[in-house]
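First the structure, in the form of structure tokens, and then the observations on it.
The values are calculated or read from the model by the stated rules, or taken from the named source; none is laboratory data. Predicted model, so just to flag it, every value in this text is computed and none were measured. Methodologically, a virtual Cβ is constructed for each residue, glycine included, from the backbone with ideal geometry; neighbour enumeration extends over all protein chains shown.
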Amino acid sequence: MEIVHPNSIDEALAGLGDGAIPLAGGTDLMVEVNFGHIRPERVIGLRRLAELKEWDGQRIGAGVTWRRIETHGPKALAEAARTVGSPQIRNAGTIGGNLGTASPAGDGHPFLAAVGASIELASTASQRTLTWQEFFTGVKETARRPDELIMAVHLPAGLPERQCFGKIGIRNAMVIATVCAVVTRADDGKTTVALGSVAPTPIRATGAENMISSIGHPSAGDLVEFQRLVSEEVRPITDHRSTEEYRRHGAGVLARRLLERCLS
């Protein structure tokens, strides 16, 4: 395996054009290599590219680590960052790598969906920005072309101050999510609900959003109905971490509890 360490974005993009695999923190890729699932012939190391580590307002460079995000990120994204692996993983892993892996259980994905973030991509020939819906296309699949590099995440201005992240797993730390979710609530009542690990890609529970957004002061009964709608909208599977039934129930309960935190 040949490893190349470019000194500029242009060099990195040129290398990708030859079919190489980009490597940021390596917390996902190296697991696949160590288990023999993949054997890349050429890897482009991205750690030396200062441009990818830039964080300017709503633009978060793809090379920004979870450690920085847990300290300086928006509330719900910082909460999500604190649940990503161990401190060592958070020091190495990046938001761009999390996007590139596109695991349905990616802890950072529900926040991006909840706030309507977009993803900036670049190649030697062009640059484009995709909405989160356009970017995620399936289980560990994205719209990124082989010759493109994830450059940054763009967050909209004026994020709701009330926003919460939560996660269900088999233990309290260093766990892959059985269900993860973000709920935001604006001053005008507009509510967003995004979930991960309950569908091939992150999803928004739009029916539940529309219902609860129309109620200024939700009652206990409204919260129960909100929970029911979220449970109906998710599309979970049964696998080695959980059953479909548990994920469906857990998604509703978790979303309701996050909304209660936003309302309190």
Subset of region 87-121 [part of a helix (DSSP H, G or I), at pLDDT 95 or above and either touching a His at 6+ places or on another chain (Cβ under 6 Å) or β-branched (Val, Ile, Thr) (or both)]: 95, 115
Residue 228 versus (1) surrounded by 17 or more Cβ atoms within 10 Å (Cβ to Cβ); (2) not in a loop (DSSP other than H, G, I, E, B): which is the lone unmet condition? (1)
Restricting attention to region 35-67, the residues that are under 17 Å from the mean Cα position of the chain (by Cα) and within 18 Å of residue 147 (Cα to Cα) number exactly 2
Candidate set from region 1-32 (those that are over 23 Å from residue 103 (Cβ atoms) and buried (at least 20 other Cβ atoms within 10 Å of the Cβ)); member that is modelled with the lowest pLDDT: 15
Could you tell me which residue of region 33-66 is farthest from residue 93 (Cα to Cα), considering only residues that are in a helix (DSSP H, G or I), of a type outside the set (A, V, I, L, M, F, W, C) and modelled with pLDDT of 70 or more? 51
What's the number of the only condition in (1) surrounded by fewer than 21 Cβ atoms within 10 Å (Cβ to Cβ); (2) in a loop (DSSP other than H, G, I, E, B) that residue 177 fails to meet? (1)
Applying the selection to region 122-152, what residues are in a strand (DSSP E or B), touching a residue at least 40 places away in the same chain (Cβ under 8 Å) and aliphatic (A, V, I, L, M)? 122, 149, 150, 151, 152
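To keep it simple, each residue is scored yes or no on (1) at pLDDT 95 or above; (2) more than 23 Å from the chain's Cα centre (by Cα); (3) charged (D, E, K, R).
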| position | (1), (2), (3) |
| --- | --- |
| 190 | yes, no, yes |
| 193 | yes, no, no |
| 211 | yes, yes, no |
| 221 | yes, yes, no |
| 227 | yes, no, no |
| 237 | no, no, no |
| 244 | yes, no, yes |
| 251 | yes, no, no |
| 263 | yes, yes, no |
Identify the single condition in (1) farther than 24 Å from residue 198 by Cβ; (2) buried (at least 17 other Cβ atoms within 10 Å of the Cβ) that residue 107 does not satisfy, given that it satisfies every other one. (1)
Considering each residue of region 231-249, count those that are assigned to a helix (DSSP H, G or I) and either small (Gly, Ala, Ser) or buried (at least 18 other Cβ atoms within 10 Å of the Cβ) (or both), and give that number. 4
The one condition residue 69 fails out of (1) of a type in the set (Val, Ile, Thr); (2) surrounded by fewer than 19 Cβ atoms within 10 Å (Cβ to Cβ); (3) in a helix (DSSP H, G or I) is (2)
Meets criteria (surrounded by fewer than 22 Cβ atoms within 10 Å (Cβ to Cβ), closer than 30 Å to residue 55 by Cα and in contact (Cβ under 8 Å) with a residue 40 or more places away in the chain) for residue 204: yes
